[in-house]
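The values are calculated or read from the model by the stated rules, or taken from the named source; none is laboratory data. Predicted model, so just to flag it, every value in this text is computed and none were measured. FYI the Cβ positions are ideal-geometry reconstructions off the backbone, even for glycines, and counts take in every protein chain you see.
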C-alpha cells in the first residue's frame, strides 16, 4: 500500500447513510471495562487494603 | 446543533459514569471514612525544626510540633499520637529506631520536614503523604493487627533519596507498654 | 523543490521553514531524552548500570525536560504552524517576530539543557538535579530557570504569530466560520496562555530571584501550587495537538471523513474551560490545602473526562467511516479493512488504543481518596507514558511520516522502518506500562534510582506479579521503546537528507467533514467568550486558596535553598 492518491476507497458513504454501529460496539465494550476496572481498583485494591487515613 | 443519536446516548452514559466515579469517592469519604490530609496540622518554622533536631533549640520553641520519639505517646483510651520528621535522608523515628504503635490503636501522626519535600509512604497501605517544610501533615490512622510496615520516601529529595527508608512496628499492647519510650 | 507537484513547502515556504526547524529541535530532544530513558530503565531495574545512582536524577531531569517540555513544545509549534497555514491557506508572516519565537525557545532550551548536563560534567559549574517539576526548596542553577522562562515566552510569541495570521485572514473573510484546524490552534493557545500564568508567576516572582540570592526564603506550598496551576493544563497542551491530528488527519488516512466538526469544536471549548481549575488533583496528599478545595478539583477533573470520552466516539466513528468506505463490514471486522500497512495511520490508531488504557489510570489518579493508593508510586509513570508518551508522542511520530514529505518535498525513505515502528512502540509500551502500573500497586515508588529492595520490614509484597518479572518487563519495554525512537529518527534523517523526488507519494487533501461547521452554533467560534468563562472558573477554583497561602506572608512559611 502506498501513500498516494489511491486510498483504497471502494464506495462513498454520505452523511445520511452512516450509522457508526462498529463504534457503538467498541465503546460499549470500553464502558464495561471501565466500570469493572474502577470497581476493582476502588473496592478491592484500595478499600481492601489498610491501614488507611481516616482523620 | 446536529448530534448523532448514538453520540447523544454515549454522552449520557459518559456523564453517568462520571457521576458514578464521584459517588464512589464520596462513599469512600462517608462510609469507610477516608479523609484527605488538610491544613489542620498548622504551620511551623522549618529552621526551628532543623535547629531542634541538632539540639540547638528546645522542642518547646517549635510551633505546632513536639519532639519525635520512637514510641507513640498515649493520649487517652486507645488514642495515641506520634511526631515524625522526614529529613535528608532518614525518617526520625523510623530509620534508626522504628516507630512503635500498639495494635488496636488510633494514632494521630504529625509529620514535618526541616529541609526539603519528602514522601511518607507506608508500603502496601493507603498511608501516603507529601511532607513539606513549613507545614505539618496531620493524619489519623487505625492500626488493628500487629505487624511491620516499611516506609519509603516517595518524593525526590536529593542525591541519596533512594536510601531513605524506615519501619513502623505495630506491636501487641502488652509488648508496647513494657518497652522503653 | 524538485517535485512535479506543489507541496506545502512550495505554497507556504515561511511556514514550512519554521515547521522544519521546530521539528529539527524536537527530534534532537527526542533522541537525547530517549537515550536517557533507556539508561534509566536499565538502571532502576538493576540490569545494567553505567552511572552511579546519584547521577540517575540528572538523567531523570533531562528525560523529563527534554521530552515533556522541549520535544513536545517544539513539535507542537511546528504542527500548529502547519495547521494554521494549511487551514487558512495563508503563509505565516515569517518576519523577525516569527523568527524571534524559534530563537528564544531554542536558546532557552540550550541554557536549560546545559544547566542540567552540568551535573555530569565537572567543567560546567552548573547543576539542575531538580526534576521536571523543580520543586522548591531543591534549587538548581539560575541558568536553568532562565532557560525555562525563555522557552515559555517563546511559546507565547509563537501563539501571537498564529493569532495575527488568523486576524489578517479574518479581515478578508468576515462572517466565515473559523476553519477547524485554526480553531483548534487558537483554543489550545488560549488555554496555554491562561495556564502558563501559574508557572510564569512561580518562576519570575519566586524561584528565579531566590535562586539568584535576591530573596532568601520562599514558600514551598505557594510555589508548588503555582506549578500545578500549570502542571495539569500542560498535559492538555500536549494532548490537544494529538487530538488535532486525530480529528483532522486520521479520518482522511483511514479513507473517510471526520464524523462531526461541531463536536470537535465543543470538545476543544470544554478543554479551554476545564483544563486549568483542576490543578489540586496533583496535590491531594499535600498539607496546607483544605479538603473542600481538593473536592472541587476532583469534580472538575471528573467532568474533564467528558471531552475525551466524546473524542473517543467521534474519532473512532470517523475511522469506521473510512473502513466502511474501504469495503469494511460487520460490527468488528471492519477493523481489518483499515490501512494497517500505512505508518501514519497505524501510529495514530495504536496511539489512540493505548490512550484508552492511559485514560483509565488517569481516572484512578483523579479519584481524590483513591489517590492515596497510587500517589508517587510507579503507577504514575505507567499512566503518563501511555498519555504523553504514546497518545502524544506516538501520534507526533505518526503524523511526521505524513507531514515531513510535504515539508521537504522528499518522499518518505526507509518505509520498512516506518511500517514496523508503531508496532514496536506499541509492544514496548504495553510491556513497560503494564509492569509499571502493577509495580505501583505493590508499592514501588517512582522517581527513584533504586527502589529500596532490602526493606527492614520486608520487601515489596507480591501482588499481581512478582518483583523480578515486573522489573524485566520494564527493562525489555524500555529497550523496545528506545528501538522505536531509533527507527523513527532513522526514517526522519534518511528522508530529510534524501534526494528530492519527482513525487512525494502523499495525498495531502483533507475531505470535508460528514457534519460540517455549518451545523454548529456560531457562538462556538466566540473564543473571547470562552476565554472569559475559563478565567472566571480559575478564579473560583484558585482565588480563595491562593489568597489564603499569600495572606500568611508571601514568602512564608519560607525555606532556604537546598542544593540536591
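Worth a mention:
- Members of region C:516-536 that are in contact with a helix residue (DSSP H, G or I) (Cβ under 6 Å, 6 or more places away or on another chain) and part of a loop (DSSP other than H, G, I, E, B): C:516, C:520
- Members of region B:43-56 found to be more than 9 Å from chain C (Cβ to nearest Cβ) and either within 20 Å of residue C:216 (Cβ to Cβ) or surrounded by fewer than 21 Cβ atoms within 10 Å (Cβ to Cβ) (or both), listed by number: B:48, B:49, B:50, B:51, B:53, B:54, B:55, B:56
- All positions within region B:73-85 that are touching a residue at least 60 places away in the same chain (Cβ under 8 Å) and under 16 Å from residue B:149 (Cα atoms): none
- Note on region B:97-110: residues that are outside any strand (DSSP E or B) and in contact with a strand residue (DSSP E or B) (Cβ under 7 Å, 6 or more places away or on another chain) amount to 2.
- All of (1) surrounded by fewer than 23 Cβ atoms within 10 Å (Cβ to Cβ); (2) farther than 30 Å from residue C:19 by Cα; (3) within 18 Å of the chain's Cα centre (by Cα) hold for residue C:442 with one exception: (3).
- Subset of region B:111-120 [in a strand (DSSP E or B) and facing chain C (nearest Cβ under 7 Å)]: B:119
- Here C:513, C:532 are screened, and the one residue that is surrounded by fewer than 18 Cβ atoms within 10 Å (Cβ to Cβ) and at pLDDT 95 or above is C:532.
- Residue within region B:159-172 that is assigned to a loop (DSSP other than H, G, I, E, B) and crowded, with 22+ Cβ neighbours inside 10 Å present: yes
- Of the helices (runs of 4 or more DSSP H) lying entirely inside region C:168-251, those carrying at least 2 residues that are within 14 Å of chain B (Cβ to nearest Cβ) and in contact (Cβ under 8 Å) with a residue 12 or more places away in the chain are C:220-231.
- Of the numbered criteria (1) on the phi < 0 side of the Ramachandran plot; (2) touching a residue at least 12 places away in the same chain (Cβ under 8 Å), the one residue C:505 fails is (1).
- Residues that are without any contact (Cβ under 8 Å) to a residue 60 or more places away in the chain and over 17 Å from residue C:212 (Cβ atoms), drawn from region C:115-131: C:116, C:117, C:121, C:122, C:123, C:124
- The listed residue being at pLDDT 95 or above and surrounded by fewer than 21 Cβ atoms within 10 Å (Cβ to Cβ), out of C:42, C:59: C:42
- Subset of region B:62-93 (residues that are within 14 Å of chain C (Cβ to nearest Cβ) and in a loop (DSSP other than H, G, I, E, B)): B:62, B:63, B:64, B:65, B:70, B:88, B:89, B:93
- Residue list for region B:28-42, filter: in a helix (DSSP H, G or I) and facing another protein chain (nearest Cβ under 9 Å): B:28, B:29
- For region A:14-29, the criterion of being more than 23 Å from residue B:145 (Cα to Cα), within 7 Å of another protein chain (Cβ to nearest Cβ), part of a loop (DSSP other than H, G, I, E, B) and at pLDDT below 95 is satisfied by at least one residue.
- One residue stands out among those in region C:472-505 that are modelled with pLDDT of 95 or more and within 14 Å of chain A (Cβ to nearest Cβ): the one that is farthest from residue C:430 (Cα to Cα), which is C:495.
- Residue B:25 at the interface with chain C (Cβ under 10 Å from one of its Cβ atoms), free of Cβ contacts under 8 Å to residues at least 40 places away in the same chain, crowded, with 19+ Cβ neighbours inside 10 Å and more than 25 Å from residue B:129 (Cβ to Cβ): no
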